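Engineer: Would you mind keeping the following structure in view while I ask a few things?
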Amino acid sequence: HASKSLEEIPTGAYDAAITMGCGDACPNVPARIREDWALPDPKHMAPREFDEVRDAIRSRVADLFVRLGVTARA
């Protein structure tokens, strides 16, 4: 997986726009839910710390799906 620039995503309103630690510096993407998950970048972390960030993201995505009424696929 890789990040996309805003020019690469379709225009329009989204159910949720989640950013990772950019706070007020993030561009405005129209969304019903807007959240900034201030999580550390795991890129250069040791495996244990990397796994902690991965698990935090997984948990937050699962919670977001519940709030959106979405059923996750395996």
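The values are calculated or read from the model by the stated rules, or taken from the named source; none is laboratory data. Since the structure is predicted, the reported quantities are computational estimates derived from the model, not experimental observations. Virtual Cβ from ideal backbone geometry, glycine too; neighbours counted across all protein chains shown. With ligands, DNA and RNA removed, areas are computed over all heavy atoms of the protein, side chains included. Shrake-Rupley method; radii C 1.70, N 1.55, O 1.52, S 1.80 Å.
Engineer: Take the stretch 27-55 and flag every residue that is within 11 Å of the chain's Cα centre (by Cα) and hydrophobic (A, V, I, L, M, F, W, C).
Structural biologist: Matches in the stretch 27-55: TRP37, ALA38, LEU39.
Engineer: Any chance the stretch 16-29 includes a residue that's in contact with a Ser or Thr (Cβ under 8 Å, 6 or more places away or on another chain) and of a type outside the set (Lys, Arg)?
Structural biologist: Yes; the residues of the stretch 16-29 include at least one that is in contact with a Ser or Thr (Cβ under 8 Å, 6 or more places away or on another chain) and of a type outside the set (Lys, Arg).
Engineer: Still on this model: Any residue in the stretch 36-58 that is open to solvent by 50 Å² or more (accessible area, probe 1.4 Å), within 16 Å of TYR14 (Cβ to Cβ) and not in a loop (DSSP other than H, G, I, E, B)?
Structural biologist: Yes, because at least one residue in the stretch 36-58 is open to solvent by 50 Å² or more (accessible area, probe 1.4 Å), within 16 Å of TYR14 (Cβ to Cβ) and not in a loop (DSSP other than H, G, I, E, B).
Engineer: Within the stretch 5-17, is even one residue among the polar types (S, T, N, Q), open to solvent by less than 60 Å² (accessible area, probe 1.4 Å) and in a loop (DSSP other than H, G, I, E, B)? So that I can check it myself, show each step before the final result.
Structural biologist: Just the residues of the stretch 5-17 that are among the polar types (S, T, N, Q), to begin with: 5, 11.
Still in the list and also open to solvent by less than 60 Å² (accessible area, probe 1.4 Å): 5.
The next check asks that each one be in a loop (DSSP other than H, G, I, E, B); those that pass are 5.
Yes, the stretch 5-17 has at least one match.
Engineer: Taking the residues in the stretch 18-29 that are closer than 21 Å to PHE65 by Cα and assigned to a loop (DSSP other than H, G, I, E, B) as candidates, determine which candidate is modelled with the lowest pLDDT. Spell out the reasoning first.
Structural biologist: Of all residues in the stretch 18-29, those closer than 21 Å to PHE65 by Cα come to 18-21, 29.
Narrowing the set further to residues that are assigned to a loop (DSSP other than H, G, I, E, B) leaves 20-21, 29.
Working: MET20: 83, GLY21: 74, VAL29: 83.
Filtering first and then ranking leaves GLY21.
Engineer: Only one of these is of a type in the set (Lys, Arg) and touching a residue at least 12 places away in the same chain (Cβ under 8 Å): ARG58, ARG34, ARG48. Name it. Show your work before the answer.
Structural biologist: Details: ARG58 fails: touching a residue at least 12 places away in the same chain (Cβ under 8 Å); ARG48 fails: touching a residue at least 12 places away in the same chain (Cβ under 8 Å).
Result: ARG34 is the single residue among ARG58, ARG34, ARG48 that is of a type in the set (Lys, Arg) and touching a residue at least 12 places away in the same chain (Cβ under 8 Å).
Engineer: Identify, by number, the condition in (1) within 21 Å of LEU6 (Cα to Cα); (2) open to solvent by 70 Å² or more (accessible area, probe 1.4 Å); (3) touching a Phe, Trp or Tyr at 6+ places or on another chain (Cβ under 8 Å); (4) assigned to a loop (DSSP other than H, G, I, E, B) that ARG32 doesn't meet.
Structural biologist: Against the list (1) within 21 Å of LEU6 (Cα to Cα); (2) open to solvent by 70 Å² or more (accessible area, probe 1.4 Å); (3) touching a Phe, Trp or Tyr at 6+ places or on another chain (Cβ under 8 Å); (4) assigned to a loop (DSSP other than H, G, I, E, B), ARG32 comes up short only on (4).
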